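Structure record follows, encoded as structure tokens.
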Amino acid sequence: MSHPLYDVVDFKIIGDYRLRVAFDDDTEQIIDFRPVLFGEMYGPLRDLRVFNQVRLDHEVATLVWPNGADFDPWMLHEWPNLIDELSERARQWDVVYA
């Protein structure tokens, strides 16, 4: 699947599991990650101490966490359009990896 390419250029923690994410096209998204924090990769981010270790990896231009979790910048950019599908998938990951 081909989609537009975006780079994450900045972010700020604005609340529990919530980030303001800025992109290279001068847009921003406020993202609440709670609906997708399930499964082997994203489940550990439910620990707020782990979640808050998020950083911007400039080499791959996206947000990353110490456990290797990350998101495609396009997915972050399009979050409001994708969140219903993502949260449904995430709950399935929890069943698979529980």
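The values are calculated or read from the model by the stated rules, or taken from the named source; none is laboratory data. Here the structure is a predicted model, which is why all the values come from computation and not from measurement. Counting neighbours? That spans all protein chains shown, and the Cβs are built from the backbone with ideal geometry, glycine included. What goes into the accessible areas is simple: the full protein's heavy atoms, side chains included, and nothing from ligands, DNA or RNA. Shrake-Rupley method; radii C 1.70, N 1.55, O 1.52, S 1.80 Å.
Taking the condition of being touching a residue at least 24 places away in the same chain (Cβ under 8 Å), under 20 Å from W65 (Cβ atoms) and exposed (fewer than 12 other Cβ atoms within 10 Å of the Cβ), how many residues in region 1-28 meet it?
2
Please list, ordered by residue number, the helices (runs of 4 or more DSSP H) wholly in the chain having 2 or more residues that are hydroxyl-bearing (S, T, Y).
Details: elements: 39-42, 48-51, 73-77, 79-97.
Ranges flagged: 79-97.
What residue, among those in region 29-52 that are surrounded by 14 or more Cβ atoms within 10 Å (Cβ to Cβ) and among the β-branched types (V, I, T), is farthest from the chain's Cα centre (by Cα)?
Start the filter on region 29-52 by keeping residues that are surrounded by 14 or more Cβ atoms within 10 Å (Cβ to Cβ), which leaves 29, 31-39, 41-45, 50-51.
With the extra rule that they be among the β-branched types (V, I, T), the set shrinks to 31, 36, 50.
Numbers: I31: 8, V36: 8, V50: 13 Å.
Here the answer is V50.
Could you please give the count of residues in region 73-97 that are open to solvent by less than 70 Å² (accessible area, probe 1.4 Å) and either at pLDDT 95 or above or aliphatic (A, V, I, L, M) (or both)? First the steps, then the outcome.
Start the filter on region 73-97 by keeping residues that are open to solvent by less than 70 Å² (accessible area, probe 1.4 Å), which leaves 73-79, 82-83, 86-87, 90, 94.
Then drop every residue that is not either at pLDDT 95 or above or aliphatic (A, V, I, L, M) (or both), which leaves 73-79, 82-83, 86, 90.
The total comes to 11.
If T62 satisfies all but one of (1) within 14 Å of the chain's Cα centre (by Cα); (2) modelled with pLDDT under 95, what's the number of the condition it fails?
(2)
Quick check on my filter: what residues within region 53-72 are open to solvent by 50 Å² or more (accessible area, probe 1.4 Å) and among the β-branched types (V, I, T)?
V60
Name the residues in region 70-86 that are under 21 Å from P44 (Cα atoms), under 11 Å from the mean Cα position of the chain (by Cα) and not aliphatic (A, V, I, L, M), would you?
D70, F71, D72, P73, W79
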